[in-house]
There are 2 protein chains.
Amino acid sequence: MDVLIAGFGVVGQGITEAIRDKQELFVKRFGERVRIVGAFDARSLALDPSGLDPDELLQRKQSTSRVGKGEAPDDVEKLLQETAYDLLLEVTPTNIVDGGLGYKHIRTALAAGRHVATSNKGPLALRFRELTELAARNRVHLRYEASVGGAMPVINLSRELLMGEDIISLRGILNGTCNFILHRMKEEGLSFDFALREAQELGYAETDPTYDIDGVDSACKLAILANAIFDRDVTYSDVVRTGIRGITEEAITLAAEQKKVIRLIGEVSRDKLEVAPRLVPAGHPLSIGGTLNIAQMLTDLAGDITVVGRGAGRKETASALLSDLLAILKDEEARREAKCRSMT
Amino acid sequence: MDVLIAGFGVVGQGITEAIRDKQELFVKRFGERVRIVGAFDARSLALDPSGLDPDELLQRKQSTSRVGKGEAPDDVEKLLQETAYDLLLEVTPTNIVDGGLGYKHIRTALAAGRHVATSNKGPLALRFRELTELAARNRVHLRYEASVGGAMPVINLSRELLMGEDIISLRGILNGTCNFILHRMKEEGLSFDFALREAQELGYAETDPTYDIDGVDSACKLAILANAIFDRDVTYSDVVRTGIRGITEEAITLAAEQKKVIRLIGEVSRDKLEVAPRLVPAGHPLSIGGTLNIAQMLTDLAGDITVVGRGAGRKETASALLSDLLAILKDEEARREAKCRSMT
């Protein structure tokens, strides 16, 4: 399988490392290597139909801030249409205004009959139906486990392993930064501002923390889950949204007196779509601390199924992209096997 | 798809209900119905190549304790070889001495080229390699999500969604009865004997609780996980095993003073295979209370992935069997689709 990588930031570098390190698995399990035949970032392009050296890409990026020796492509659309590759790994920075470049890349690759796996929330939180329908029409995969909850496999779990369940609702903690802040406020009696500064110093929160603490990031992920799991047709602006800016030390203390904690919970069902701070009883799975992500699904047969994982990080997000890449390899293998058998 | 059900106790009845209730899903997703063409218990047999009525089977079982009007088959081996069906649902009572009838049923069906999905721990905890190799040789599926942790999808999660991960270790609570007892001892200051009696009165523990409280049930499940996820070749007697009989109120109190709880933890890695009571920090995912099951896997890329679900119950175990049935349908569909396309 030949892959093209769009974007070479933390996630692009992480998946490059994973592809480098998992060749033995690809060969052992599927009898083929996975080659990186192209990679580009905002300023450069690397292309080689016979396969690029992952270490060379990683080293060049680190020393020159460019993934390729060549100039950035003038016409990315043409590049995505005319280069030979099987799978686009779309890992450019997200844009939640109109989906940005990520949207264009994904659309072009799908229309050109290429599979896509992405960590890019924007296009999926804004134009989910359009993109999934385009993939279906072209009989290719569009997979996006990495767009929600990092290494937490909530999408593939609910869509594949829980395929037989009627999933009635999902509640989850989808932003590790908010959870870290709320956890520290409670444990150490910190003010919101102090806990936020701590999160910024530790690298969990951006200098402009709006995207996290106002619940925008959680709302994007919740919209994707609503579309993917509940077959809804929503964008992130449909999410009723309250962030955690207004949470005071007093509110945390009052909750503690009732043996409860405050958590920023996203909830989706057929008729609900909301991100808001909620009181959660201590000891409940959703009372989890730290920067973890968690999702709890209520289903008709299995009851509650809960999954917990690391919500962000270079290796963790790469792990989710890798699981999508492997699912595509597995599906291709099943089709190939059947084809061989029908011809003999 | 035509299924044959071996065993018609709680689990057999649960999967019959699930098959009855999910026909719309089968048709919508795979374009075909799932028919029950046969079912037998220790005393009777029902057979109809054109499909049995699930409600009739359930009602007959409830009113007469027999699933079929016919006598139990004299020669089950011949029945499993000569009846036309695609999938055996093996849900007879487990036998952990030699695998018992379940082992014979599974072996016969696989050798006859039929898929098998089972909730039966004994055969898998004793003869895992033999059975999985037999399935591979005959190019059929042997699936057993329901044999470990009820509705908790730990096997399919780790084998399928985490296919790309190196799973370094797994720790879990695999027996809800023990967890209920330990939880109640801590919360209410009960003695072990008192909490056990409570569990028995609530129907969580058997009259002879040995199988649960001495860790035999957990050890069987851990052996299956060792074979399925860590590619080991062990039986349940290879598990180093300590139960919870010796846990005193004093031990629980002492743990609480250190903000810890005692849990019966199964742990498996390449060189470890042990069920034993362990101290777990309060707030850690493995400190979970009640009758839930939980498994936490440490992986190379994703870090810790944790899954929680109901460990037992009619609907819950049926849910796991249903997920295996659907995975088989999905695989058959991929093979069929490719075949069609290669012919056009």
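Every number here is computed from the coordinates shown, using simple stated rules; none is lab data. Treat the numbers as computed from the prediction; the structure is a model and nothing was measured. When we count neighbours, we look across all protein chains shown, and the Cβ atoms used for this are built from the backbone with ideal geometry, even at glycine.
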Open item on the list: Can you find, among B:V234, B:L292, B:V216, the residue sitting farthest towards the positive end of the charge dipole of segment B:156-310, where Lys and Arg contribute +1 and Asp and Glu -1 at Cβ?
Closed with: B:L292
Open item on the list: As a test, work out the antiparallel percent of DSSP beta bridges whose residues both lie in segment B:1-149, rounded to the nearest 5.
Closed with: 25 percent
Task: Antiparallel DSSP beta bridges within chain A, percent to nearest 5 - done: 65 percent
TODO: Would you kindly give the portion of the calculated P(r) for segment A:128-206 that falls above 16 Å, as a percent of all Cα pairs?
DONE: 67 percent
Open item on the list: How much of the DSSP bridge set in the protein assembly as shown is antiparallel, in percent, rounded to the nearest 5?
Closed with: 65 percent
Task: Calculated diffusion of segment B:143-182, Stokes-Einstein form, Kirkwood radius summed over Cα pairs, 37 °C and 0.692 mPa s, µm²/s - done: 283 µm²/s
TODO: Sort out for me the Cα centre separation of segment B:178-245 from segment A:83-152, rounded to whole Å.
DONE: 46 Å
Open item on the list: Kirkwood Rh and Cα-based Rg: tell me the resulting Rg over Rh for segment B:200-275, rounded to two decimals.
Closed with: 1.05
Open item on the list: At a threshold of 8 angstrom on Cα-Cα distance, excluding pairs fewer than six apart, so keeping six or more, what relative contact order does chain B reach in percent?
Closed with: 18 percent
- [ ] Using only C-alpha positions, report the orientation-averaged shadow area of the convex hull of segment A:57-158, nm², one decimal.
- [x] 7.5 nm²
- [ ] Excluding residues on the same chain fewer than 8 positions from A:K260, give the lysines whose Cα lies under 17 Å from its Cα.
- [x] A:K186
Task: Averaged over B:305-313, number of beta-carbon atoms from partner chains that fall within 10 Å - done: 6
Task: Inter-copy label distances at A:Q23 (7 Å, Cα→Cβ; nm, one decimal) - done: 5.4
TODO: Compute the Kirkwood hydrodynamic radius of chain B, taking the inverse of the mean of 1/r over all pairs of distinct Cα atoms, and give it in Å to one decimal.
DONE: 21.0 Å
Open item on the list: Defining the label point at 7 Å along Cα→Cβ, can you sort the distances from B:G246 to the same site in each other copy, shortest first, in nm?
Closed with: 5.6
Task: Footprinting exposure proxy for A:D48, B:D324 (fewest neighbouring C-beta atoms within 10 Å first) - done: A:D48, B:D324
Task: Exposure proxy ranking, count of Cβ atoms within 10 Å, fewest first, for A:T248, A:T306, A:T235, B:T207 - done: B:T207, A:T248, A:T235, A:T306
Open item on the list: Taking each residue in A:160-172, count the Cβ atoms of any other chain within 10 Å of its Cβ, then average. What number comes out?
Closed with: 5
Task: Likely footprinting exposure, A:T118, A:T291, fewest C-beta neighbours within 10 Å first - done: A:T291, A:T118
- [ ] Please report the relative contact order for segment A:156-310, taking Cα pairs under 8 Å with a sequence separation of at least 6, and give it as a percent rounded to a whole number.
- [x] 33 percent
Task: Listed residue pairs exceeding 32 Å between alpha carbons, taken from A:K121/A:K259; A:K315/B:K315; A:K315/B:K330 - done: A:K121/A:K259; A:K315/B:K315
Open item on the list: Would you calculate the convex hull of the Cα atoms in segment A:230-320 and tell me its volume per residue in Å³?
Closed with: 152 Å³
- [ ] For chain B, with a Gaussian network of springs between Cα atoms less than 10 Å apart, report the residue from B:L58, B:L161, B:L322 with the top mean-square fluctuation.
- [x] B:L161
Open item on the list: What's the magnitude of the charge dipole for segment B:156-310 around its Cα centre, counting Lys and Arg as +1 and Asp and Glu as -1 at the beta-carbon? Answer in Debye, nearest 20.
Closed with: 240 debye
TODO: Report, as an integer, the average count of C-beta atoms from other chains found within 10 Å of each Cβ along B:290-301.
DONE: 3
- [ ] State the dimensionless ratio Rg/Rh of segment B:106-238 (Rg: radius of gyration of Cα atoms; Rh: Kirkwood radius).
- [x] 1.05
Open item on the list: Label position 7 Å from Cα toward Cβ: report the copy-to-copy distances for B:A136 in nm, one decimal, ordered from shortest.
Closed with: 3.7
Task: Translational diffusion of the protein assembly as shown, µm² s⁻¹ [Kirkwood Rh, Cα pairs; Stokes-Einstein; 10 °C; 1.306 mPa s] - done: 60 µm²/s
Open item on the list: What percent of all Cα-Cα pairs in segment B:156-310 falls into each 10 Å bin, going from 0 up to the bin containing the maximum distance?
Closed with: 12, 41, 34, 13, 1
